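The values are calculated or read from the model by the stated rules, or taken from the named source; none is laboratory data. Just so it is clear, the structure is predicted and the values come from calculations on it, not from any experiment. Every residue, glycine as well, gets a Cβ built from its backbone with ideal geometry; the counts of neighbours run over all protein chains shown.
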Number of protein chains: 2
Amino acid sequence: MVKEEREKRMFVGVAWNCAAELKFLITALLFVCSLATVLQFLPSRFSLFSSADLRLCVSNVSAAAAEAAPPPENTPPPPPDQQDEVLESGVMKRGFKPYGAAAYNFVLMSAYRGGLSTFAVMGLSSKPLHVFGKASYQCQWVSHNATAGEQPPIATVTGIKILPDWGYGHVYTVVVVNCTFPSPVGHDGSGGKLLLLASTNGGGDRNLNLTDIVEALIEPPGSVNLSLYTSPPKYDYLYCGSSLYGNLSPERVREWLAYHVRLFGERSHFVIHDAGGVYAPVMEVLRPWIEKGYVTLHDIRDQERFDGYYHNQFLIVNDCLHRYKFDAKWMFFFDVDEFIFVPRKSTIKSVTDSLSDYTQFTIEQMTMSNKLCLSEDAAGKSFRKWGFEKLVYRDVKTGIRRDRKYAVQPRNVFATGVHMSQNTAGKTTHKTEGRIKYYHYHGTISDRREPCRQFLNATTTTTVDGIPYIMDTTMRGVAPSVKRFELKMIGPRLQRTRQ
Amino acid sequence: MVKEEREKRMFVGVAWNCAAELKFLITALLFVCSLATVLQFLPSRFSLFSSADLRLCVSNVSAAAAEAAPPPENTPPPPPDQQDEVLESGVMKRGFKPYGAAAYNFVLMSAYRGGLSTFAVMGLSSKPLHVFGKASYQCQWVSHNATAGEQPPIATVTGIKILPDWGYGHVYTVVVVNCTFPSPVGHDGSGGKLLLLASTNGGGDRNLNLTDIVEALIEPPGSVNLSLYTSPPKYDYLYCGSSLYGNLSPERVREWLAYHVRLFGERSHFVIHDAGGVYAPVMEVLRPWIEKGYVTLHDIRDQERFDGYYHNQFLIVNDCLHRYKFDAKWMFFFDVDEFIFVPRKSTIKSVTDSLSDYTQFTIEQMTMSNKLCLSEDAAGKSFRKWGFEKLVYRDVKTGIRRDRKYAVQPRNVFATGVHMSQNTAGKTTHKTEGRIKYYHYHGTISDRREPCRQFLNATTTTTVDGIPYIMDTTMRGVAPSVKRFELKMIGPRLQRTRQ
């Protein structure tokens, strides 16, 4: 007993011989956990904040400890028992004991300032919390501008939540919170931070309104450059790519990049998101363009931890929108098996200039066969040709209005989807036929084989497997100049890229 | 500073002047929380158990504290930053920071022993964790039979999870875990406890396999009466009612009770579950039958904390099944607007005896109008008549096979649904036509008005609002003897019950 007592003292001594910050943290934690311990012995519904919050903590911590150690010979202190009891009336009062956590309330990806008084916060949140509950958000701006000991000034505003992927069933849903304060915050260069208060409002337990405080954005003093929000953008065109995943064809990615850098020109930039698809051979084809400053690669593999719609692509595109909002006049959202095309005698600039009154325009699809090629390319000749050069049969049955892609002027957009944004200020137009379209080679990007499967002689309409096709050599015609462009820009280093 | 130091010491002193148990708990918590603190400063993926478990704890505790206190002037220590960083390759490595909890991993309602080596555990669990994840369960029996200092013997087995309400979208789903050990446990009278290890298997975060340890059942030494599992049951018939909710009609409940106590007889019992529907006037009509020992009322209002299918009725009926498994030969599952009927010259006993080879039989529905009455009951006479006495028009269009109810021999059932059990040992029969049926007066129980809306003369088929009805006075014929039975059993005390 004496020895035990001494050990305890030693333990406390060790914990106390740390840095001042640690001391404070440990004191705080000791206090909170003592409170948790004491609360277990009080009846529930006792205090302002339910003990279940803390129960959650105790139970999680115990579980973590139990995982590290071999299974529970010494089981952790159980959560406070809400034992079934027989009431005076003879009624059997039944209790329910909650344990652990199945999903996070909020997973922060990013937050960006969008002006003097407005911010956007991007994250994931438990889907049923939003579908069946009423989760809500508050934004607080805490200024650093406070003398020691004084309370820093705080501004609070309701966060407007936008759920861009509403309707797809998963563990998590994407949440974009718009925080717009009634007047400018942090504009005096004093620095500050944006807190997001994420409240479950009883979603997981009606007895509990659990609020998590998310430190969304920290602005050190002097770090904000307000001219950004009024200056003309650095780029004309910025491509926000969706989550790249799976066994991508390096050759198709190479072709896509050369084509689009040429199309969008010198004042363009491409943001590529790697959700596991950018393995070494794909990285090889990106590298020359990264070195030339045309491509930025984001490694977003960590989002795979959180089950959401298609590798959380709605989260990724919204991050991209807000991260680069002030860097480009136009932002394009489409996939790497899709090729934007503007007719001869026009340029991407002449097209976007003609649509500059619109915040958003959508782009019609040309559905291309991913296997039908010309017989003149047969006998091994097709291997030397590029994908969009040899796949020349266009599906004329599948409606061209289906599956549109789009571009926006990002300064007027609050959140974005995959096929279009539904949260914009300003007009949207779908009447872009004849001005801009995109060729879609579905399935070619994630197939590492030669795409040509069948060689046809037909020069006009033909029917294969019940689908009518027409020959369309528009893209084939562009191939030679794209190849020359690539050679000029980055030399021959990608010419031995494999399918 | 000196004062501050002293305060800290005082605080530690206070915490240390408690009972020995508290000291131990606080030491343990201090240790775990110190660990949490330290882990925040280490890179993630560092150790066997991720620091995110603990992060969860820290974040929850902070939130609870923040709710009690006015909003966060002094914000809690943020979770460990997974700051975005630019890798050597130029790739932008993006981080994701999780906060809080949106749903519990497991909510324990009950656990019951089902024999020498088997148990059933009833609870709720986050629905997406099961629909999109692979949550799993382990059962451990920890015997009390251990001398001091020695490790108690532990038996571990995989828990077989049954999801009886699969398919309905909510925050929580019902989970019944069958724990069957390869040999008897706790049968020597030494006592022990059943632990359920509930593992998320990365459902909410693929980096984390969070396991919560649920103390499902504690058996004090000598508390288990093994003869229960082999003795004949106490009752012939036990009714397991679904969650009662809303503005129920006391008069309809009164009629239902008198009818069914008479039908099922002296060796029967009724378990009623109050999810908010048993307010004072309904309690009045239950009370005489509770006093006579025919009715047990369970107050299950606390389950309203957890969003599930129809007031968690699948949880409730499974609790009832396992709680009373050895108390009745037959268990019936139907609603309080439904009346079981066996034809003249048979009794409920002769019917169930004829079906005793089956574990389960289903019962066909007679759909009754909830508003059409006989014109001879008009002019105020209907008020004195009982619901099943005056509602005599049967819907002959609605298929009688639709919406069957059922009865089981509970010792052979592992879990139960609402319309039938799909987890039984032994045979099920649906061929009960002509032997047993039930009359369904849909909507009458939750309507506190006089049900008769339209009075008809028709004695055979008639069509109202496009639905063909036929007069069926079977139940009307039984009413006089049910009224006499009620009077004999509990006297006139319920005769002034209101609609």
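In the range A:415-447, what count of residues is obtained for those that are in a loop (DSSP other than H, G, I, E, B), polar (S, T, N, Q) and surrounded by fewer than 18 Cβ atoms within 10 Å (Cβ to Cβ)? Matching residues across the range A:415-447 total 2. Across the range B:308-315, a minimum of one residue is classified as farther than 15 Å from B:Arg254 by Cα, among the aliphatic types (A, V, I, L, M) and surrounded by 23 or more Cβ atoms within 10 Å (Cβ to Cβ). The number of residues in the range B:156-192 being in a loop (DSSP other than H, G, I, E, B) and closer than 29 Å to A:Ser125 by Cβ comes to 9. Looking only at the range A:348-368, residues that are without any contact (Cβ under 8 Å) to a residue 24 or more places away in the chain and either assigned to a loop (DSSP other than H, G, I, E, B) or of a type outside the set (S, T, N, Q) (or both) come to 1 in all.
Only residues that are in a strand (DSSP E or B) and within 14 Å of A:Thr200 (Cα to Cα): list them for the range A:88-133, please.
Of everything in the range A:88-133, those that are in a strand (DSSP E or B) and within 14 Å of A:Thr200 (Cα to Cα) turn out to be A:Ala103, A:Phe106, A:Val107, A:Leu124, A:Ser125, A:Ser126.
For (1) over 20 Å from the mean Cα position of the chain (by Cα); (2) surrounded by 16 or more Cβ atoms within 10 Å (Cβ to Cβ); (3) polar (S, T, N, Q), each residue gets a yes or a no:
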position	(1), (2), (3)
B:Gly192	yes, yes, no
B:Ala198	no, yes, no
B:Asn209	yes, yes, yes
B:Glu215	no, yes, no
B:Pro221	yes, no, no
B:Val224	yes, yes, no
B:Tyr229	yes, no, no
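Which of the residues spanning the range A:215-242 are in a loop (DSSP other than H, G, I, E, B) and of a type in the set (Val, Ile, Thr)?
A:Val224, A:Thr230
Checking B:Asp212 against (1) within 14 Å of chain A (Cβ to nearest Cβ); (2) touching a helix residue (DSSP H, G or I) at 6+ places or on another chain (Cβ under 7 Å); (3) part of a loop (DSSP other than H, G, I, E, B), which single condition isn't satisfied? With respect to (1) within 14 Å of chain A (Cβ to nearest Cβ); (2) touching a helix residue (DSSP H, G or I) at 6+ places or on another chain (Cβ under 7 Å); (3) part of a loop (DSSP other than H, G, I, E, B), B:Asp212 is out only on (3).
For the range B:150-185, residues that are of a type outside the set (Val, Ile, Thr) and either free of Cβ contacts under 8 Å to residues at least 60 places away in the same chain or at the interface with chain A (Cβ under 10 Å from one of its Cβ atoms) (or both) total 13. Against the conditions (1) buried (at least 23 other Cβ atoms within 10 Å of the Cβ); (2) within 14 Å of chain A (Cβ to nearest Cβ), B:Arg301 satisfies every one except (1). Where the second residue is surrounded by 24 or more Cβ atoms within 10 Å (Cβ to Cβ) and outside any strand (DSSP E or B) and the first is touching a residue at least 40 places away in the same chain (Cβ under 8 Å) and more than 7 Å from every other protein chain (Cβ to nearest Cβ) and lies in the range A:95-111, which pairs have Cβ atoms under 6 Å and are six or more apart or on separate chains? Sorted first by the residue in the range A:95-111, then by its partner, the pairs are A:Ser110/A:Asp319. If we scan the range A:146-168, do we find a residue that is at pLDDT below 90, within 17 Å of the chain's Cα centre (by Cα) and hydroxyl-bearing (Ser, Thr, Tyr)? Checked against the condition, which is being at pLDDT below 90, within 17 Å of the chain's Cα centre (by Cα) and hydroxyl-bearing (Ser, Thr, Tyr), the range A:146-168 yields at least one hit.
Does at least one position in the range B:369-386 carry a residue that is farther than 28 Å from B:Arg493 by Cα, assigned to a loop (DSSP other than H, G, I, E, B) and more than 14 Å from chain A (Cβ to nearest Cβ)? Within the range B:369-386, one or more residues are farther than 28 Å from B:Arg493 by Cα, assigned to a loop (DSSP other than H, G, I, E, B) and more than 14 Å from chain A (Cβ to nearest Cβ). Within the range A:186-201, the set of residues being without any contact (Cβ under 8 Å) to a residue 60 or more places away in the chain and within 21 Å of A:Ala415 (Cα to Cα) comprises just one member, A:Leu195. Residues of the range B:267-296 that are in contact with a strand residue (DSSP E or B) (Cβ under 9 Å, 6 or more places away or on another chain), surrounded by fewer than 20 Cβ atoms within 10 Å (Cβ to Cβ) and assigned to a loop (DSSP other than H, G, I, E, B): B:Arg267, B:Gly276, B:Gly293. Close contacts from the range B:300-326, counting a first residue that is free of Cβ contacts under 8 Å to residues at least 40 places away in the same chain and outside the structural domain of B:Tyr172 (by the TED database) and a second that is of a type in the set (A, V, I, L, M) and surrounded by 21 or more Cβ atoms within 10 Å (Cβ to Cβ), with Cβ to Cβ under 7 Å and a gap of 6+ residues or different chains, come to B:Arg301/B:Ala275; B:Glu304/B:Ala275.
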